[in-house]
Structure formats: C-alpha cells, structure tokens
Amino acid sequence: MRHVDSFEIQPPTPPSHNGVPRSAWARARRRVSRWHRPYIAALLLLDFGAAALASFVAIQIFDQAASGFYGVEEDPTWFHTIAFGLMPLGWVVILWGSGAYDRRYLGLGPDEFKRVIRGGVAVAATVSFIAFATVTQLSRWTVGFALLGALVLVLVGRLTARFVLHGVRSRSGHAGHRMVLVGTLPECLEVYTAVTRNPGAGLVPVAIHITDGYAAARGIETPVPVYAGRDVLALVREVGGDTIAICGSASAEPGELRRLAWQLEGSGVDLVVAPQLTDIAGPRVHIRPIEGLPLLHVEEPTLSGPALLAKNLMDRVAAGLGLLLLTPVFLAIGLAIRLSDPGPVFFRQPRVGHEGRTFRVWKFRTMYVNAEERLAGLVDQNETDGMLFKMKQDPRVFPVGRFLRASSLDELPQLINVLWGEMSLVGPRPLPADDGDFLGDVRRRLLVRPGMTGLWQVSGRSDLSWDEAVRLDLYYVDNWSLAYDLSILWRTVGVVLARKGAY
C-alpha cells in the first residue's frame, strides 16, 4: 500500500498531434502492451487447423461421399486444395468478419464464443448458398460432420487458449491491459477492487489520476501510485499504460470525454468508461443513444418465465438421474461413515429457502455424533465472519468426513432436496434457520431457491469473507440466467477437483 503524499506536475510541451507531442506518442506506442498480436496469431492457426482436421476426419469417415462433398470427383489435387486449404481459409475469413478476433472480446466473457457460433452459422449458410448456386451434389452427412466438427474443434481450441492465457495472467501478470484510472479517489478505488477480483481478466491498474485534487487523497493508503494535476496522456506514457478508464463522475464534464477520445486516435491506447453500475451483468445493460447522448438502460432482473421453468425441469431431471446413477456411491459412503463412527449416515439441518420457507437439508454426516455438544467450546475459534461456523482443522470431523468435505461428496444427498423442489442445482447457499430474521441485502437471496453450488462455491467457498459471499449471492440473484447456471456448473467441476476452499 502507498501513502499519497506528493504529486508531479508535467511541464507543458508544444503539441503536434491532437494536442500531444508526436515524440510522446511514438514512445507511448512502443510501450503499449501488444500481447494480443501473438495471441490472435495463435488463434488463427488453431482455427485453421481445427477446420482442416474436421475436413480430414469427415473424409476418413465418409470416404465414399468425400468427393461428392466438394464436387470434384475427377481432380484429387483440386479436391485436397478445397478440403484442406480453401475451406479452412473460409472459416478464418468468416470468423474474422464476425469479430471473433477482436481483442476487446478475447479472453473474457461469452461474447467471443457467441461470435464463433455466429461465424459457424455463416459458414454453413455460405456452403449451402454455393452448393445451390453451382448445383453441386453434396453429401449431407459429410457436410454436416465437417461443419459441426469444425465448430466444436474451434470452440475447444478457444477454451484451451483462454485457459493458457488466464494461467499466464494469474501467474505472471503479463498479457494484460495496463490501466490508468481517472476520477475521484473513492470511484477509482471501487473500480480497482472490481477489476482486480479476477486476475484472469487481465485488467491491471497501474496508476490512479484523481480529479478532486491533492487534499482529497492526502495520507490515504492506496494499492497503486496516485497522481493529481498531471496531463493524463503524459501519465499514461510514463507508466506504460494502454488503457484509460474513466471512473464515474470523471466523465461528467461536457465535451471532455469526446476530446480525450480524439486525442487518443492512432495512439494504440484504449478508452473505457466505468459507470457506477456495480454488480450488474452486461445482458441487463443496454445503450440507447438519444440525440448523441448515450443512455444506459438497466433492465429488471428476470426471476420468472420460460427460462425459470426450464431451470426447474433441468433441476428435477438431473437430480433424479443423479440419485439413480449414484446409488452405488451412496452405499459405499454410507458404509464408510458407519465404520468410522457409529450413528446415522445422514445429517439433516434446518435451513431457510425460497421466500423464507424452512426445510431440512440433506448431507452425509462428517462429524462425530457429539459434535453439537462440543461446539460451545470451539466458538471462539471460528475462522469465518459470517453466520456459519468454519474451522480448517475442526476436531469434530472424523477422518472419512474430512475426505468427504474436501471432495464435496458430503453434499451429494442434497440432490434429494433438489428433487423435492426445496433447492436448485445452482443458487445462493442455504442459510441456517436458527439465526432469526434476515434483513437488508441478505433477505434478497431468498427470492430464489438455494443451490447445491453457486458463485460462492466457484469463487472460493469457505475462504471467502461473509460480505464477499453475500455480494456474490446477490449478484447471482440480480443477473440470473439459464446460460449462467450452466457456466457455473461447468466451473464447479474444476473447483471440486481442485478441492478449493473446501473444509
């Protein structure tokens, strides 16, 4: 942490390009991060290779229809040129036209994959149009396999590339965007906290430029250097930044934001605006320009409708199949528990669910039978600041129970609660029913059914503070969607295998 105690004033220099010295922009260009260039080059090779591999596999599987696919029965050289050259090249060109290589969408969020899928649809439409226009007889099986296989392989390649990119960002801090935050100190610190929660996002604040003067920040500890009274563009050059983030009220000055955008033309420096809309997901925010004024329209959370019906159906079907398939696992775990400590196999505890209704959650018992009596002597060793008691080395947990907790197998019986409609596969974690009424922000979590997994589990589980767990649960409630549930379920697999935050 740094104490704000002094500020440097950049001396005026004669402008020559949009009000900024050309020599300054030349140095700025050299220092701007160019991680996306080799990354995009790698994606181009991966996508080309994926399309070529899909064509090769389609030819091997549907050998009799291979030449019919491309309509060049008598010329094998031309046939292979189309299969392994023109078709993959067409994929790359159409993906490029769909914005699948736009660096703003690489490595974060679902937009990259949406653009890939949109490009895949465009490729299929293009092949269909060419076949119709040239009256070419195509093998439907070969065409379908080649196109669908290429799309799947491209998506897998993108996921792999993103995993590698996130690993590089998390371990070394490289391959990211170096941001200079501009605004009042509280606004900049709020944006700093938000963008640094996920190191894999690659947003690295390197400096803060405050607009409310030196006195507003005197003596305050900050995670990065703070400046005031400086030329923002010169500061970006000095710290090697490639992104300027305008925080909150810093963008309120009429014309200033537009002039700054003009000055950044040709510099390679990005300009982003961070409005005070924290914990609201992108699909709920839409820009509606009115006479040159971009208005941000925030839609209400959707907690009903066909998507919710599909969620309920998915929960019940998955829970029923899970209980059926996991019956041998349940029997083995039950036997291990009985051999470890005589007593019931299951542990049931009252929890608060949807709309405040109380239910009894099912779990495999992981503690000795006298655990409740021993709790009073351990209260002062609680390692969390929330409603639930947590200890990493809880003496009440027997050895098999410790394994069940670390592997999250103790929570499998909650599939019974899901089947009965008391819980969901994904949702906020269920709260104890003996802590009285839930007031304020916490009560909003009761608008949806609690889940076996959720944002709290894939973001750290027991390692999170109470406030952070509440924030994640509220974010889920306000931004719920069926696609979001599926992404959390996918992330849960990795978290469970890594045993992150489970004790």
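The values are calculated or read from the model by the stated rules, or taken from the named source; none is laboratory data. The structure displayed is predicted, hence computed values, not measured ones. Backbone-built Cβ (ideal geometry, glycine too); neighbour counts: all protein chains shown. All accessible areas refer to the heavy atoms of the entire protein, side chains included, with ligands and DNA or RNA removed. Shrake-Rupley method; radii C 1.70, N 1.55, O 1.52, S 1.80 Å.
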> Short version: ³J(HN,Hα) in whole Hz for each residue of the range 474-482, in order, from phi by Karplus 6.51 cos²θ - 1.76 cosθ + 1.60 (θ = phi - 60°), x for Gly and Pro, what are they?
Replying inline: 5, 4, 5, 4, 6, 10, 4, 7, 5
> What FRET efficiency, computed as 1/(1 + (r/R0)^6) with R0 = 41 Å and r the Cβ-Cβ distance, is obtained for S481 and R34, rounded to the nearest 0.05?
Replying inline: 0.75
>> Can you list residues from other chains, or at least 5 along the same chain, whose modelled amide H is less than 5 Å from the amide H of M423?
In response: V418
>> Run the numbers for L44 and F346: contour at 0.36 nm per residue of separation, minus the present Cα-Cα distance, in nm.
In response: 103.5 nm
> What list of ³J(HN,Hα) couplings, whole Hz, do you get for the range 104-116 from phi and the Karplus terms 6.51, -1.76, 1.60, once you set θ to phi - 60° and write x for glycine and proline?
Replying inline: 5, 10, 7, x, 7, x, x, 4, 4, 6, 4, 5, 5
> Using a 1.4 Å probe, how large is the accessible area of F359, given in Å² and rounded to the nearest 10?
Replying inline: 20 Å²
>> Amide H of T222 versus every other amide H placed in the peptide plane: which residues, excluding those fewer than 5 positions away on the same chain, fall under 5 Å?
In response: R2, H3, V4
> Assuming R0 = 45 Å, what is the FRET efficiency of S465 and V164, from their Cβ-Cβ distance, to the nearest 0.05?
Replying inline: 0.90
